[in-house]
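Novice: Attaching a single structure in structure tokens format; questions to follow.
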Amino acid sequence: MAVEVFVKMALYMAIALVIPVIAFFIPKLFTPSRYSYLKAETYECGEIPYGTARVQFSIQYYTFALMFVIFDIEALMMFPWAVVVKEIGILAVIEMLVFIGVFVIGLIYAWTKGALRWVMNYPE
């Protein structure tokens, strides 16, 4: 019986290793092998690129995006809660108030640190 389990595990691991390798090489079979100078360009839109592709972004974009993701996930967590709130009762309401309270504290902290202030930095 134990040998049977190990054989199944080995088969599962072999399949788990082979499928990604096959999935990696299948596109090579179907893609054309011709080289094109236009395909090697930085942009495929027909515009001639100028300057460097390296552009510095303000950290403000990243912090704003991270806060958006965090509060978006908070909103997504409220939907399943809203479905079962009547079944769970007052405990669900208390848990959600604590959950929202943590995010409100985070929002107040970000607000006081100026993370929500949008400053336009125009290049000169």
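The values are calculated or read from the model by the stated rules, or taken from the named source; none is laboratory data. As the structure is a prediction and not an experimental result, all values here were calculated from the model. Neighbour counts run over all protein chains shown; Cβ positions are idealised from the backbone, glycine included.
Novice: Give the stretch 77-107 a look and list any residue that's closer than 30 Å to Gln56 by Cβ and aliphatic (A, V, I, L, M), or say none.
Specialist: The answer is Leu107, and nothing else.
Novice: Can I ask one more? Has the stretch 28-45 got at least one residue that is of a type in the set (Val, Ile, Thr) and at pLDDT 85 or above?
Specialist: Among the residues of the stretch 28-45, not one is of a type in the set (Val, Ile, Thr) and at pLDDT 85 or above, which makes the answer no.
Novice: Looking only at the stretch 74-93, decide whether some residue is basic (Lys, Arg), at pLDDT 85 or above and either out of contact with any strand residue (DSSP E or B) (no Cβ under 8 Å at 6 or more places or on another chain) or assigned to a helix (DSSP H, G or I) (or both).
Specialist: The answer is yes, given that some residue of the stretch 74-93 is basic (Lys, Arg), at pLDDT 85 or above and either out of contact with any strand residue (DSSP E or B) (no Cβ under 8 Å at 6 or more places or on another chain) or assigned to a helix (DSSP H, G or I) (or both).
Novice: Which residues, taken from the stretch 102-117, are touching a residue at least 40 places away in the same chain (Cβ under 8 Å) and outside any helix (DSSP H, G or I)?
Specialist: Ala115, Leu116
Novice: Assuming Glu74 fulfils every condition listed in (1) touching a residue at least 24 places away in the same chain (Cβ under 8 Å); (2) out of contact with any helix residue (DSSP H, G or I) (no Cβ under 6 Å at 6 or more places or on another chain); (3) under 27 Å from Ser58 (Cα atoms); (4) not aliphatic (A, V, I, L, M) apart from one, which condition is it?
Specialist: With (1) touching a residue at least 24 places away in the same chain (Cβ under 8 Å); (2) out of contact with any helix residue (DSSP H, G or I) (no Cβ under 6 Å at 6 or more places or on another chain); (3) under 27 Å from Ser58 (Cα atoms); (4) not aliphatic (A, V, I, L, M) applied to Glu74, the lone miss is (2).
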